[in-house]
Amino acid sequence: MSAVPSPANLLSRLGVLDWIRIGLLLLGLVFVATGLLPRATAQDSLERIAPLLLFLFSVIILAELTKEAGVFDAIAQRMARAGRGDYAALFVLCFAFATVNTVFLNLDTTAVLLTPVMLALASRAKIAPLPLAMTTVWLANTASLLLPVSNLTNLLAADRVALETPEFAARMWLPQLAVLIVTAALLWTFFWRRSMRGADRYEPPVPEPVRDRVLFSATGVACLLFIGAILAGVHTGFQLGIAATIPAVIAVVAFAVRDRTALKPALIPWQLLVFVAALFLVVPTLERYGLDDAMRSLIGTDDGWAGAMRAAFAGGGLSNVLNNLPAYVAGESAVPAENKDQLLSLLIGTNVGPVITPWGSLATLLWFEWCRRWDVRVPMRKFVLTGVALATLGCSSAVAALLLTS
């Protein structure tokens, strides 16, 4: 039995981003302790996100165990073989896989799990890693408009505009389609065409056997149950936290029986939970001391075309300065309650817009961490400039599509 790590060893394992998250939480607690943020306001803010934290906790554990069982690896290998060495076919398959994963398992899951899968695939098939990596990070952000579960901000917006999953999807399917078309065109132009990827064809990797068929099947079924629970919740009122928790428990039980070594404390996504909780203490405080007024002046009160575009680009801009979650929370309080189109436009800006800076969204931060671990060089100048193009064209096309269906 391995020795329990000492507190000193645990602290030594914390990275820079971990200390930033902890510091942010401590700052929020200081705000509450000093009265800068009233305790009642802090309590209301944390109660609002409690179900969302349960959802994030469960879905990350489910996805991590699914990855450990080899399900995502098997899908990626099959995609590479299905492409038969043709980059255009591989592009379509990777694009579809990342899109579906983001829509149903949320953008952070795509960043956490698909990034290492895609980078491992690039290594085994001797493919340039940057096209695969950029496909993952861009779609983790831009494919997150369709369902409330696709993004934490969607859950907040759906609650604010009182839209259940079918109604939310009915409003957002055309904006989602519009931004996916833009994303596909820019991905191919900037990263996938022959002069960018550096090869005419690739060599499909040799299939690797599944390590444990029982775990593979159990976690695969758990993921299908999770997707089914979300769809069932449309009609039966399932809470999103429960919809994620039950499949996660199935996966945990399967590993408890077959491979307990995989059930490590590292499975718990404490960084994500700390970060989200901290934001919902810090942002309300900033709103009380000027951020709310600044966002209100940027967004305005017009619920027409001009107001919708202002909301989208204000949300996208602030996301790249701070982060998309506090940008949405600050913008939401500045949008009049009756301006449903303007609020959904703000949502578009905070989902599609944060692709310019490494800290624009939590998904982008997680993606950069994986690229660092795999020694993948990301040219920052190209990342920023191509991100500006995607944010500008993606937000404009999505808001236009939203208003056409208003």
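Listed values, structure above:
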item: For the stretch 107-122, Karplus couplings with θ = phi - 60° (6.51, -1.76, 1.60), whole Hz, Gly/Pro x; result: 5, 5, 5, 4, 5, 6, 9, 6, 4, x, 5, 5, 5, 5, 4, 4
item: Relative contact order of the chain, defined on C-alpha pairs under 8 angstrom at six or more residues apart (%); result: 23 percent
item: Rounded, prolate or oblate (a/c below 1.5 giving rounded, otherwise prolate when a/b exceeds b/c) for the stretch 176-284 by Cα gyration tensor; result: oblate
item: Spatial separation of Cα centroids for the stretch 240-279 and the stretch 104-148, in angstrom; result: 21 Å
item: By average C-beta atoms within 10 angstrom, highest first, the peptides 130-142, 302-314, 357-369; result: 130-142, 357-369, 302-314
item: Reachable lysines, given that their alpha-carbon falls under 25 Å from the alpha-carbon of Lys264 and they are not under 8 places away in the same chain; result: Lys67
item: Student exercise, the stretch 24-404 dipole from Lys, Arg, Asp, Glu Cβ charges, in Debye to nearest 20; result: 1300 debye
item: Sorted peptide list for 380-391, 279-290, criterion being average Cβ within 10 angstrom, highest first; result: 279-290, 380-391
item: Cα centroid of the stretch 49-81 to Cα centroid of the stretch 335-355, whole Å; result: 28 Å
item: Shape category assigned to the stretch 67-202 from the gyration tensor of Cα positions, a/c cut at 1.5; result: prolate
item: Helix-derived mean residue ellipticity, 222 nm - over the chain, DSSP H n ≥ 4, -39500 (n - 2.57), to 500; result: -24000 deg cm²/dmol
item: Percentage, to the nearest whole number, of Cα pairs in the stretch 22-89 over 20 Å apart; result: 60 percent
item: Within-15-Å neighbourhood charge of Gly360 [Cβ basis; K, R +1; D, E -1]; result: -2
item: Among Leu119, Thr142, Met309 - extreme Cα towards positive end, dipole of the chain, charges at beta-carbon; result: Leu119
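No lab work stands behind these numbers, since they all come straight from the coordinates. Nothing here was measured: the structure is a model prediction, and the numbers come from that model. Every residue, glycine as well, gets a Cβ built from its backbone with ideal geometry; the counts of neighbours run over all protein chains shown.
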